[in-house]
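Working notes, structure below.
The values are calculated or read from the model by the stated rules, or taken from the named source; none is laboratory data. Fair warning: this is a prediction, and the values are worked out from it, not measured in the lab. Positions of Cβ are generated from backbone atoms using ideal geometry, with glycine treated the same way; all protein chains shown enter the neighbour counts. Only protein heavy atoms, including side chains, enter the accessible area calculation; ligands, DNA and RNA are left aside. Shrake-Rupley method; radii C 1.70, N 1.55, O 1.52, S 1.80 Å.
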Amino acid sequence: MDNKANQPSTASLWLAYLAKGGTMKELRNMDQNQLDAMYKVAFAQFNSGHFTDALKVFRHLCLLDHTRYCYFLGLGLSQYELSLFAQAAATLAHAEKLDQNDPRASLMMAKSFIGIKRWSLAQKAISETVVRASHSARWKDELQQAKKLTCFVAGKLQ
């Protein structure tokens, strides 16, 4: 009898590993320094206005390590800048779960919802931004932006 028929496939082993919190970076035995170098490239591309190039690198980083907030924030911001608002909102929703203190994902998710005229969802994201930004003076600019958006969105909901 063939023993291979009773053994799980490589793909099912990988999926089980990922389901338990493992990353593709670990499966591929990549050093974090490699991902850090890729992140610097993506960040530079984004800051240079090359949003499509930044998006490609950030997407790859997210696939390699689905646990890093900065990768998903970068991907979501790239999507936003390319007017891919629905995709940006979904990406930023994941980022929001990865760091429950940083208000930037919530703020940009609100702006993404505004971009697709989903006013009630924008209002929820703005409220979350205010909660997160209120915990630290570090986020005063984000808090200020959220308060300005609150008035704008409230006008759209009436």
- So, first residue charged (D, E, K, R) in segment 17-42, second residue surrounded by 10 or more Cβ atoms within 10 Å (Cβ to Cβ), Cβ within less than 7 Å, six or more apart or across chains; the pairs are Lys25/Leu35; Lys25/Leu64; Lys25/Asp65
- Task: Within segment 117-133, identify whether any single residue is over 15 Å from the mean Cα position of the chain (by Cα), modelled with pLDDT of 95 or more, open to solvent by less than 60 Å² (accessible area, probe 1.4 Å) and under 27 Å from His60 (Cβ atoms), and answer yes or no.
- Result: no
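Restricting segment 97-111 to residues that are outside any loop (DSSP other than H, G, I, E, B) and touching an Asp or Glu at 6+ places or on another chain (Cβ under 7 Å), which is most open to solvent (accessible area, probe 1.4 Å)?
The residue in question is Arg104.
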- Matching residues, segment 83-96, being open to solvent by 50 Å² or more (accessible area, probe 1.4 Å) and at negative phi: Leu84, Ala86, Gln87, Ala90, His94
